[in-house]
Every structure is written in C-alpha cells, then in structure tokens.
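Take a look at the structure below.
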2 protein chains.
Amino acid sequence: MQSQGKGRLYVVGTGPGSPDLLTLRAKKALEDSDYIIGHQRYVKLIEDIKTDAEIITSTMGREVERVKLAFELSKENIVSLISGGDPGIYGMSGLVSEFLYEGEEAEVEFVPGISAFSIANGILGSPISNDFAVVSLSDLLLPWEEIKKRLECALLGDFVIAIYNPSSRKRRGRFDEAVEIINKYRDGCFVGIVKNASREGEEHIICKCEELERYSEFVDMSTVLIVGNSKTKFNGKIMFTPRGYKI
Amino acid sequence: MQSQGKGRLYVVGTGPGSPDLLTLRAKKALEDSDYIIGHQRYVKLIEDIKTDAEIITSTMGREVERVKLAFELSKENIVSLISGGDPGIYGMSGLVSEFLYEGEEAEVEFVPGISAFSIANGILGSPISNDFAVVSLSDLLLPWEEIKKRLECALLGDFVIAIYNPSSRKRRGRFDEAVEIINKYRDGCFVGIVKNASREGEEHIICKCEELERYSEFVDMSTVLIVGNSKTKFNGKIMFTPRGYKI
C-alpha cells in the first residue's frame, strides 16, 4: 500500500471509449491508485494503463454497492472509482455526492472525462457549435413523463439536442415515442446517429428527422443521437451548425 | 518539417485551463505538429507541452483569419488549431466545419476537450448528474431575443443549466436580465458560480437564485454558472442533484 491513513477517492471519467481520450489527470489518478473499482465494461477500456492497483469489477445495477466499497477502501487507500464518459453526466459523481451530502466522509476529487456527445459531435462535423441540451431517454431512474416534457422544452427552445440511452431491448417503444415528439418540432431538420463512438464498431448515419423511425432497430445503448436545430446544415459530408461568423 | 505533402489539421480542445486536463490524444497532436495556431490565452495554457512546433498566436475577434491560415498551412504541414475547452462548444469546430462545408479541403480531425461546465460541476459537487442544457449569454453572434427564449425553455423543462459568458464589461445589463428570468422559474433553487475553474484564481460561490443579483459585479467572462433544478440540494458543503438511486 502506498498510503497509510492518507486515503483519497478519485471519481474518474474514462471518456467515451478510446484510451487516448483519457485526460492526463485521469491517467495519473489511475496510476497512483491502490484500488480501481468499476463496471467491467469501463475497466476494460483502461486495461492498457500501467498501474499496480488491485482491480475490482462489478456489473450493471450494483452502483450503490460499488460506491460504498469505494468509500470504505478510501479511508486508508487511494481509490479510483471509474465512470464511463464524464462522471458528472449520468455517471458516478451524483451518487458519490449523495453519500457525501448524507454525511459520509472522505477526501474526494472528481476527475472529468470526455462525454459521448463531444466525440460524436466531432465525428459528424460540428452540429453542436453553440447552445445545446443533453437528454437521456432511460426511464430506469426517472418517470417517462418528465423525460418527455424535458425533450419537448429542448425542442421548443431550438436547442441542438444530444440524446443518450435512446433505446434498449426492454424499452424500444420509448424511442419510437421520442421520434414522434422530435418530428413535431424538427420536420426537415438533420440528425446524426453515432454508434460506438471512438470504440470498435464505430459507425454513423446522418439523415432527416422524418427518416429516424427507420433506425429504430439500429439504435441501442451504445448510440448517441445529435438532433440538429433549425440552423443545422448538411451537404452529404459534413453536418454543422454555423457559429454566426461572416466568412 | 516532419510532413511533406501529408498535411493534416487537428482542431484541438485545450480543456478549461489546467494543462493536466488535456487528453492524451490532444497532447500527442500538439507534440506532432509543425504549427500550433491559437488565441494567445489558450496558447499560454499549453506552454509546458514539449513540441518543436512553430507557435502562431492571435487575438480575440480574428477567428476567421486564424482558420484560413490553419487550412493554408495544413496543405503541407501538420497543424493544430487550438480552442479553449471543447472545440465543439463555442469553440473553433463550427468555423472549421463551415469552411469544409463551403468546399475547403483538408484532412481534419477534431480532438475533444473538457469543457468548463464539466470541471465546474466537479468543483461544486455534482449539480448536473442528469439532463442539462448549456446556454451562452453572449449576444456577439446571436440575437439576444433568441438567447432569452432558449434560457426560458431550459428553465421550463427543469433542466440544470450551465451558463457560459454570463457577463462582460460591455453587456452587464444582459446578466441582470437573465437573472430576472431565472428567478421567475427557480425561486428557492440553488446556483453555483465558478470563476477561473482549474486556473489561477479559482473560486466558487453557491447561493440561492434569488441572491444572484448580488453577484452581478463578481461574474465575468471567466465565470460559469450552474443553475440547479427543482431537485438540486445543497447542505452548505456539497451541491448535487440526485441520480434517483435508493441509498
């Protein structure tokens, strides 16, 4: 053990997939750790990082257990709790903060990561460019009515919208319902669909919003959609939203 | 010159300030470059990176000129055009994409970066956690009415909202107007104000939205606000929005 009574808990974003999208700070946190705790999928992404840390993997749905273990071990050790993408966006920061709020004590540092929307944006061109909203269609932790309302408000505000967790086998109907809502506001607008961004099997499609229903079978939990707004352009190659400069 | 007729243009996010928040991919792009082009403020952030590249700095408002030069040099050289934060969020990606859309040719790769909202979120705790919107109050390139409408829609949708460019000396009145709008929807809600995130002079304040007007003189172009939603909590130490897990 490198640390004796000098525990520390890093909540580390591993980025969207490719190991070179880690930040230097995240890499150092992993190298310095006595324990690395995470979902097996994200642990796999960082297996090339050289570290003497003991790796503890677990599976989906065991987030609370993982955070409790991370706090426990961090009393005496340097622990990295890893989170795909950015831990602050549908990641582990929320849960760690909730434990701190409830009185758990530890020296915690949040280490940000590249979230999927950011790499997807660069793959498509630059559909984001300006103001944007990020919405997850997963209703595991939130009521579906709330998600629909948020989506509608983002559409109404002409936000470019990054959509996370658009579909899973269990809730295919949710995606179709979302597509219907999108088409109420974005008829004729462009949308980019990016699957496995920066990972093996990366592919993307750019189409009109009214063609989205065709891709109901294509989208899955590893897919991010970027719904362009009324100003977003596409010429068959590059999808982008102008910044407003005179060129 | 490392490259002869093998030009390439990297559009590189330098992150919010601290050099260790660069990604490994961004660091490599800078190291491999023959030229690094950027605003003097962002060039300064990466001065510790070891590179033989010739550095070309310019000032605010010369974005179009900088992009033209980057395309020109990238015909025969490896060029990094740098952008603070993430080039896809109010950065250089939009303008580079516009040139590509208009027929400019180059081998371009967008290298994402950590945007200010992400590090600000970790400094405050985890106010974002779930769905969020990002809005800039700068009306240099967009009409103010459009910005106000977007802000209102994000508030209506109960989005956590990251506000960029909240104020500058020239448009102090815009901030006061935005605060008024925020208070129509978020009375009693918490807001985090983070100045110089991950840079020298970093400081932050967490208060109620109705206290925001007090900080009209404090906020500037180096400040990001994170406006919590109806579920965001604060106990004097940590500001966070629950993910929805049972703990």
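What follows draws every value from the coordinates through simple rules; no lab data is involved. Remember, it's a predicted structure, so these values are computed and weren't measured experimentally. Because the Cβ atoms are built from the backbone with ideal geometry, glycine has one as well, and the counts that use them run over all protein chains shown.
Points to keep in mind about this one:
- For the range A:179-247: Kirkwood Rh in Å [reciprocal of mean 1/r, alpha carbons]: 12.9
- Here chain A is scanned for GluC sites (Glu not before Pro) in DSSP loops (not H, G, I, E, B) that have at most 12 other Cβ atoms within 10 Å, and the longest stretch holding none of them is A:108-199.
- With θ taken as phi - 60° and the Karplus curve 6.51 cos²θ - 1.76 cosθ + 1.60 applied, the whole-hertz 3J(HN,Hα) list for the range B:111-116 is 10, x, x, 6, 8, 4 Hz, x standing for glycine and proline.
- Using C-alpha pairs below 8 Å separated by at least 6 residues, the relative contact order for the range A:159-228 is 50 percent.
- Neighbour-count ranking [beta-carbon atoms within 10 angstrom, fewest first] of B:Asp48, B:Asp220, A:Asp131, B:Asp86: B:Asp48, B:Asp220, A:Asp131, B:Asp86
- In chain B, the longest principal axis of the Cα atoms and the axis of helix B:144-156 are about 60 degrees apart.
- Of A:Thr57, B:Thr14, A:Thr23, the sequence from fewest to most neighbouring Cβ atoms within 10 angstrom is A:Thr57, A:Thr23, B:Thr14.
- Taking every Cα-Cα distance in the range B:8-114 and sorting them into 5 Å bins starting at zero, the pair-distance distribution P(r) comes out as 3, 14, 28, 29, 19, 7, 1, 0 percent.
- Rg(Cα)/(2.2 N^0.38 Å) for the protein assembly as shown, N = residue count: 0.92
- In chain A, the longest principal axis of the Cα atoms and the axis of helix A:63-73 are about 30 degrees apart.
- A rounded overall shape is assigned to the range B:107-247, the ratio a/c of its alpha-carbon gyration tensor axes (a ≥ b ≥ c) being less than 1.5.
- Ascending list, in nanometres, of distances separating the A:Lys246 label from those of the other copies (7 Å, Cα toward Cβ): 6.2
- Copies compared at B:Glu54 - label distances in nm, ascending, label defined 7 Å from Cα in the Cβ direction: 5.6
- Peptide A:14-26 shows a mean partner chain C-beta count of 5 within 10 Å per residue C-beta.
- Copies compared at A:Glu203 - label distances in nm, ascending, label defined 7 Å from Cα in the Cβ direction: 5.4
- Only alpha carbons enter this Debye calculation for chain B, each as an equal point scatterer, and the log10 of I(q)/I(0) it gives at q = 0.11 Å⁻¹ is -0.63.
- Average Cα contact separation per residue, chain B, under 8 Å, 6 or more apart, as relative contact order %: 20
- When you restrict to C-alpha pairs under 8 Å that are six or more residues apart and normalise by the size of the range A:117-240, the relative contact order lands at 34 percent.
- Rg [Å, one decimal], Dmax [Å, integer] - the range B:75-119, C-alpha atoms: 11.7, 36
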